[in-house]
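Worksheet for the structure shown next.
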Amino acid sequence: MKTTIVGRKISVKDSFREHAEKKLLRFNKFFSDNAEAKVVIFKEPNTECVELTINAEGTIFRSEQKDATFMNALDSAVDIIERKIRKNKTRLEKRLKSGAFDYKGEDEATAAIDEEESGEFVVRYKTFNIKPMSVDEAILQMNLIGHDFFVFENDVTGEVNVVYRRKNNEYGCIVKE
């Protein structure tokens, strides 16, 4: 897996870089060599934050954690992504490396901040590639990135749809009339 470690307005220490690369080795059993992991670290008042994003053949796994240290936040982010993989293992088996679950082991989008002078409330714009997928794949992708909705191109109709999580933990799909 290709790993990129970036610091936002902060330099990345070699000790953290080594720790991150060691931790991310856990995912080699799930993903092929062409998977990409990106670790972004930044500070907020009284806390340190780690964003971990793994892109494996178009499937995105994401976790953002805050803790007292970058090391602890990274450990939590890695554990969360591994938990998401295990939770969705039956849906993911055809996308992950063959044999990823054969043993018994331990259990992006570019963004720009744009402040409008006209008084609009949009504070962030995100752009991303939309790929054709089924509704089930879109729900899986939404769960893997931890969002409450996901925009996708329906592979049957070719239309842009939105799947979302309802309050009762069921799912809905918004389609064009």
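The values are calculated or read from the model by the stated rules, or taken from the named source; none is laboratory data. This one's a predicted model, so the numbers in the text were calculated from it and none came from an experiment. Here the Cβ positions follow ideal geometry from the backbone for every residue, glycine too, while neighbour counts run over all protein chains shown.
Quick look at the numbers
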quantity: Meets criteria (assigned to a helix (DSSP H, G or I), under 16 Å from the mean Cα position of the chain (by Cα) and surrounded by fewer than 20 Cβ atoms within 10 Å (Cβ to Cβ)) for K84; calculated: yes
quantity: Residues within region 19-71 that are touching a helix residue (DSSP H, G or I) at 6+ places or on another chain (Cβ under 8 Å) and of a type in the set (K, R), tallied; calculated: 4
quantity: Cβ pairs under 7 Å, 6+ apart, first in region 43-67 and within 13 Å of L24 (Cβ to Cβ), second among the hydroxyl-bearing types (S, T, Y); calculated: L52/S63
quantity: From the options R26, R91, R62, residue that is charged (D, E, K, R), surrounded by 19 or more Cβ atoms within 10 Å (Cβ to Cβ) and either modelled with pLDDT under 90 or closer than 18 Å to L144 by Cα (or both); calculated: R62
quantity: Residue within region 9-19 that is at pLDDT below 95 and under 28 Å from F150 (Cα atoms) present; calculated: no
